[in-house]
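Since the structure comes first, as structure tokens, the remarks are kept for the end.
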Amino acid sequence: MKSEITDQVTQILAKHMPSSPTATADALRTLWLQHTPKSMEGIKAEQRAQQETIGIPVPVLKAIGQDIGKVARKQVNEYLLLAQYLWNDYGREGRVVAVHILGMELAKPERLIPQIITLCRTCITWEDADQLAMYALEPIVRKKPEIWLPTLETHIKDDNKWVRRACITVAGRLAMKNGIYTPRCLALAEQVLLDEETDVKARG
């Protein structure tokens, strides 16, 4: 399955026009729709009502996103608009693909992080926020904590609950993987202990 996906993604990207990603996004949607959906019993009806949710298995969407990300690593300007477009207009499946494009250690993290924070503000569910946190934001922060931890410290008080959730998710995971940053991460956690939003406190 993986090799077939890679071949089809390669063919789609060969026709990609960075300034007009609609055709590429449509072709990618046609690709993931070739795969059999899983049961959507675990997906809340509210989520299905708020965005297109087909139930394509995550491994399929992850494979598509990572194949695009491999090409986008050094061509961020050519693919960032596509990732944003998939996130905004292609439902739950598009969001999973977009997250894994952004999570391939793309160049220009200084440009990516503001975009990731912007996407966080449009999250519909905790799944959206956690996917962005773990697969897009965390790889950047974990690679150079001294540079990017201050970004978490800045946004932990953001007005948007999903931004706060993403920040505390990354901080918690960083503390588990790199003990030297535990005190700073605990200090971040303390700031959300009394958060009024359950979606945030659940991560603190």
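The values are calculated or read from the model by the stated rules, or taken from the named source; none is laboratory data. Everything numeric here is computed off the predicted structure, so don't read it as measured data. Virtual Cβ from ideal backbone geometry, glycine too; neighbours counted across all protein chains shown.
Filter region 45-99 for residues that are among the acidic types (Asp, Glu) and assigned to a helix (DSSP H, G or I); which is modelled with the lowest pLDDT?
Once the filter is applied, the top-ranked residue is Glu46.
Of everything in region 158-192, what is within 26 Å of Thr122 (Cβ to Cβ) and loosely packed, with under 12 Cβ neighbours inside 10 Å? Give them in sequence order.
Asp159
I'd like to verify a number: residues in region 57-85 that are closer than 13 Å to Arg29 by Cα, in contact (Cβ under 8 Å) with a residue 40 or more places away in the chain and surrounded by 19 or more Cβ atoms within 10 Å (Cβ to Cβ), how many?
Count: 3.
Mind counting the residues in region 95-109 that are surrounded by fewer than 19 Cβ atoms within 10 Å (Cβ to Cβ) and farther than 16 Å from Arg142 by Cβ?
Here is the first cut: in region 95-109, the residues surrounded by fewer than 19 Cβ atoms within 10 Å (Cβ to Cβ) are 105, 107-108.
Among the residues that remain, those that are also farther than 16 Å from Arg142 by Cβ are: 107-108.
The number of residues fulfilling the criteria is 2.
Considering (1) outside the structural domain of Met17 (by TED's automatic domain parsing); (2) closer than 30 Å to Ala27 by Cβ; (3) among the aliphatic types (A, V, I, L, M); (4) modelled with pLDDT of 95 or more, say which one Ile113 fails and leave the rest.
(4)
Here are some residues: Leu149, Leu119, Leu137, Leu102. Which one is in the same structural domain as Gln84 (by TED's automatic domain parsing) and in contact (Cβ under 8 Å) with a residue 12 or more places away in the chain?
Leu102
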